[in-house]
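Visitor: Below is the structure I would like to discuss, written out as structure tokens.
The values are calculated or read from the model by the stated rules, or taken from the named source; none is laboratory data. Remember, it's a predicted structure, so these values are computed and weren't measured experimentally. In this analysis, Cβ positions are derived from the backbone assuming ideal geometry, glycine residues included, and neighbour counts consider all displayed protein chains. The area values use the complete protein model at the heavy-atom level, side chains included, leaving out ligands, DNA and RNA. Shrake-Rupley method; radii C 1.70, N 1.55, O 1.52, S 1.80 Å.
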Amino acid sequence: MALSSQTTALAQIPRVHIFPTAGEAADAVAEHLLATVKRNPKSVLGLATGQTPRHVYAKLVHAFREGKISFCDVETFNLDEYCGLTASHPDSFAAFMQRELFGLADFDPRKTNLINGDVQDVVAEARRYATRLKESGAVDVQLLGLGTNGHIGFNEPGSASDSHVRVVDLADETLSANQPSLIELTSVPERAITIGIADILHAREIVMLATGSAKAGAVRRSLREAPSTDCPASFLGTHHAVHWYLDNAAAAEIG
Ligand code: GLP
């Protein structure tokens, strides 16, 4: 994959790509995903929500509008969803995906797999999603963002490396961190369904995008400390094909 000329490769940490700005890091991630889909139009992508990937999705939409790519054969799996929200609720991750990506390009709704947060039986929904994930074989590229507490998906500190799709209670730090992103709700739902760390590690390739100084501590712990449940993203170090895309601010503490 061609990386931008501003990329700084850290010799002692393979596959860490550092860019001057968040925009440039996101551009590189978009290029990575576009190259994946061009190579295999039937790629299976694992997708994330949050503020960080928004620019990535805007670039994918731009490429589609320019006629450079089609996503009609791509299958997607989102990482997680808040419990209790319908897909049409503006604060649901399903609505986020529709607004930022699916509704703006030619994704086939039959191939965009989302967790349904609006169910009575959340355990059964987690089981249903786990089955869908298993049926797909393996995700080709899993896109991730990073929680300030080191979470990936909604695998909060304490999550085991062999965890699978399940219902989780969100950490206080996550409730505070996600509060500013709310559109209609006044407080962040306290429970969610997330794919597990083992599910994430099952992907053929993992692309982590972390930008901004608020992520610097979690980036350092993930890359510099031994894999531990204290920092779920540290388990990414056990995967054979992980790319970290960072801006200078998020990379500031890895020295
Ligand atoms: C949410 C999502 C994560 C995401 C994280 C970071 O909690 N469940 O998948 O990576 O937030 O979000 P942001 O990109 O807004 O910092």
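Visitor: Is one or more of the residues making up region 235-247 among the polar types (S, T, N, Q) and buried (at least 24 other Cβ atoms within 10 Å of the Cβ)? Before you say what the answer is, go through the steps one by one.
Guide: Quick first cut of region 235-247, residues among the polar types (S, T, N, Q) only: 238.
The next check asks that each one be buried (at least 24 other Cβ atoms within 10 Å of the Cβ); those that pass are none.
No, the conditions are met nowhere in region 235-247.
Visitor: Could you check, for region 19-33, whether at least one of its residues is surrounded by 21 or more Cβ atoms within 10 Å (Cβ to Cβ), out of contact with any Gly (no Cβ under 9 Å at 6 or more places or on another chain) and not in a helix (DSSP H, G or I)?
Guide: Among the residues of region 19-33, at least one is surrounded by 21 or more Cβ atoms within 10 Å (Cβ to Cβ), out of contact with any Gly (no Cβ under 9 Å at 6 or more places or on another chain) and not in a helix (DSSP H, G or I), which makes the answer yes.
Visitor: Does residue 106 qualify as being within 16 Å of the ligand (Cβ to nearest atom) and open to solvent by less than 60 Å² (accessible area, probe 1.4 Å)? Step through it out loud before you land on a result.
Guide: Working: within 16 Å of the ligand (Cβ to nearest atom): no; open to solvent by less than 60 Å² (accessible area, probe 1.4 Å): yes.
It is false that residue 106 is within 16 Å of the ligand (Cβ to nearest atom) and open to solvent by less than 60 Å² (accessible area, probe 1.4 Å).
Visitor: Something else now. Could you please let me know if residue 246 is assigned to a strand (DSSP E or B) and more than 21 Å from residue 115 (Cα to Cα)? Talk me through it step by step, then tell me what you get.
Guide: Values: assigned to a strand (DSSP E or B): yes; more than 21 Å from residue 115 (Cα to Cα): yes.
Yes, satisfied.
Visitor: For residue 216, which of the numbered conditions (1) part of a loop (DSSP other than H, G, I, E, B); (2) open to solvent by less than 40 Å² (accessible area, probe 1.4 Å) fails to hold?
Guide: (1)
Visitor: Let me ask you something else. Count, please, the residues in region 134-157 that happen to be within 15 Å of the ligand (Cβ to nearest atom) and part of a loop (DSSP other than H, G, I, E, B).
Guide: The total comes to 12.
Visitor: Give the residues of region 47-85 that are crowded, with 23+ Cβ neighbours inside 10 Å, among the charged types (D, E, K, R) and farther than 17 Å from residue 166 by Cα, sorted by residue number.
Guide: Within region 47-85, no residue meets the criteria.
Visitor: Can you name the residue in region 35-50 that is among the hydrophobic types (A, V, I, L, M, F, W, C) and not in a strand (DSSP E or B) and is also nearest to the ligand (Cβ to nearest atom) among such residues?
Guide: The initial filter retains those residues of region 35-50 that are among the hydrophobic types (A, V, I, L, M, F, W, C), namely 35, 37, 44-45, 47-48.
Still in the list and also not in a strand (DSSP E or B): 35, 37, 48.
Working: 35: 22, 37: 21, 48: 5 Å.
My answer is 48.
Visitor: Applying the selection to region 158-183, what residues are away from the ligand (no atom under 13 Å from the Cβ), buried (at least 18 other Cβ atoms within 10 Å of the Cβ) and in a loop (DSSP other than H, G, I, E, B)?
Guide: Those that are away from the ligand (no atom under 13 Å from the Cβ), buried (at least 18 other Cβ atoms within 10 Å of the Cβ) and in a loop (DSSP other than H, G, I, E, B): 163, 164, 165.
Visitor: Continuing with the same structure: Looking at residue 81, is it within 16 Å of the ligand (Cβ to nearest atom), in contact with a Gly (Cβ under 9 Å, 6 or more places away or on another chain) and among the charged types (D, E, K, R)? It would help to see each step written out before you state the result.
Guide: Details: within 16 Å of the ligand (Cβ to nearest atom): yes; in contact with a Gly (Cβ under 9 Å, 6 or more places away or on another chain): yes; among the charged types (D, E, K, R): yes.
Here the answer is yes, as residue 81 does meet what is asked.
Visitor: May I ask you to list the residues in region 224-255 that are out of contact with any strand residue (DSSP E or B) (no Cβ under 6 Å at 6 or more places or on another chain), touching a residue at least 24 places away in the same chain (Cβ under 8 Å) and of a type outside the set (Ser, Thr, Tyr)?
Guide: If the condition is that a residue be out of contact with any strand residue (DSSP E or B) (no Cβ under 6 Å at 6 or more places or on another chain), touching a residue at least 24 places away in the same chain (Cβ under 8 Å) and of a type outside the set (Ser, Thr, Tyr), then 224, 227, 230, 231, 235, 248, 249, 252, 253, 254 are the ones that fit.
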